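Comments concern the structure below.
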Amino acid sequence: MVHEPPQLFPTVDVPDHAHYSVGAIIFTIGITGIVGNLLVIYAFTRSQTLRTPANMFIINLAITDFFMCATQSPIFFITSMHKRWVFGEKGCELYAFCGALFGICSMITLMVIAVDRYFVITRPLSSIGMLSKKKALLVLICAWLYSLGWSLPPFFGWSAYVPEGLMTSCTWDYMTFIPSVRAYTMLLFIFVFFIPLIIIIYCYVFIFDAIRKSNQKIDRCNTRDTVKRFNKMKKEWKMAKVALIVILLYVISWSPYSVVALTAFAGYADMLTPYMNSVPAVIAKASAIHNPIIYAITHPKYRVAIAKYIPCLRVLLCVPQSELHSLHSSFISTRLSTITNRASDVSGNLSQSSTVKSYISSASDGESDANDSSDGTAIQLPRIVVTSESDLFLTYENWNIV
C-alpha cells in the first residue's frame, strides 16, 4: 500500500469548472489592472500638466492597484488551475499580507484624495500653497505606514493569514469565532474601512454644499468676480467628480466582502458557503481595475497625455490630432488663468483682514510645483506677492521659455 502524504491545506468539493471560471476571471482582472495602472503611472509621471502634488495621490492609487494585481492575480490563477493552494504556509501568509497592505493603502489614499478635494473646493484661499510635493510625499508615507501597521499583526499572533473560500486564495482569519480574531476583525473594519468612509462622506457632503451655495450666489449676483470664482470651482468639481466615481466603485467592490466578514464576525460563519467567500473576494480584487478605466473615460488631460506618449492608443481613446497640438498652449493658458483667478480671490478677501503677507505659487488642483511645459521646455511661473490691502501686485520673474 502507498500512503499519500497529507495535504497541509484543505480542499473543497466543488466542480472543476468553478475553479477554472474563477481563474479565468482573475487572469483577466490581473492583465487589465497591470496594463491599465501602468498606463496611469506612465501618463501622470511623464506629462508635466499632470505632474502635480495633488496628482501624486492618484499615482499612489495606481501604484497600489498595480501591485495588488501583480501580487494577487498570478498566484490566484495558478492555484485555481491546481484547484488548491500549492504555495505552502509562508506563501499563503505573504500573499494575504500583500493583499491586505495594498488594499488598505488604496482605501487610505482614496480618503486623502477626498480630503484634498474638500480643502480645494470649500476652502480655496486657505488651500493655496498648502500642498507641496514634499507635503504630499509625507502624507503618502504616513498612509503606507498606517497600512503596514494594520497588515503586520497576523504575523505576530493577532489573528492569522489562512486560506479562504475555494481554498485557492488567502486572507486574514475572519471565520474563527474567538475573542482575539474577532477583536482584530472589528478594529480592522473600524479603522481601515468605516472611519475612512465616514471621512469621505463628510468631505463630499460639504463639497456638494459648497457647489450648491455657489449656484445660488451666481443666481443672485451675476458679477464678473462671482462668475470667475464659480468657473474655477466648476473646474475643481470636475476632478472631484472623477475621484468620487473611483471612490464609489471601490466601496461597492469591497462591500460584499465586508458583509461576508461581518457575518462571520457576528457568529454566523456556518451560513457561508465556499462560493459566498470566494465570489466577494474576486469582486474586491477587481477594484484595482476601476481607476485606469475611469480616468481613460472621464479625464481629458490623461487621455491626451496617453495619446501623445503612446500614439497607438490615440484611436482607441478617440483623441483628435488637434488636441495633441493644443496640449502645450493649453497648459500655459490654464496656469495663467488660474493664477489670475487666485489673485482675484485674494484681492476680494483682503477687506476681511488688515494685513496679509504670503507667497502664493499654487494653482488649481494643487499644481504648485509644475514649472515645466508638457513637452519638456522649462517655464518659471509668475509669483503672486500679497503684502497688504493696498499693495497687491503680480511679479512675473523671468517668464522665459527655454
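Quick look at the numbers
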{"read-out": "Additional length obtainable on full extension of the chain from TYR42 to HIS82, 0.36 nm per residue less Cα span", "value": "10.9 nm"}
{"read-out": "More than 25 angstrom apart: percent of Cα pairs within the stretch 41-165", "value": "38"}
{"read-out": "Whole-number percent relative contact order across the stretch 42-173, with pairs defined as alpha carbons under 8 Å at least 6 apart", "value": "35"}
{"read-out": "Spacing of the two label points (7 Å from each Cα toward its C-beta) at THR263 and HIS17, in nm", "value": "2.4"}
{"read-out": "Rounded accessible area of CYS203 (nearest 10 Å², 1.4 Å probe)", "value": "0"}
{"read-out": "Span per principal axis, largest first, for the Cα atoms of the stretch 1-97 (Å)", "value": "71, 27, 16"}
{"read-out": "Segment ARG123-ILE297, extension gain: residue separation times 0.36 nm, minus the distance between their alpha carbons", "value": "59.8 nm"}
{"read-out": "Above-threshold pairs, the threshold being 19 Å between Cα atoms, out of LYS238/LYS301; LYS213/LYS238; LYS135/LYS213; LYS133/LYS308; LYS235/LYS301", "value": "LYS135/LYS213; LYS133/LYS308"}
{"read-out": "Heavy-atom SASA rank of LEU317, LEU50 (probe 1.4 Å, accessible area, largest first)", "value": "LEU317, LEU50"}
{"read-out": "Value of relative contact order over the stretch 72-147, rounded to a whole percent, pairs C-alpha under 8 Å and six or more apart", "value": "35"}
{"read-out": "Total formal charge among the other residues, if their Cβ is under 14 angstrom from that of LEU272, Lys/Arg +1 and Asp/Glu -1", "value": "-3"}
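The values are calculated or read from the model by the stated rules, or taken from the named source; none is laboratory data. The shown structure was predicted, so the numbers you read here are calculated from the model rather than taken from an experiment. Note: ideal-geometry Cβ built from the backbone for every residue, glycine included; neighbour counts use all protein chains shown. Heads up: the accessible areas ignore ligands, DNA and RNA and are worked out on the full protein's heavy atoms, side chains in. Shrake-Rupley method; radii C 1.70, N 1.55, O 1.52, S 1.80 Å.
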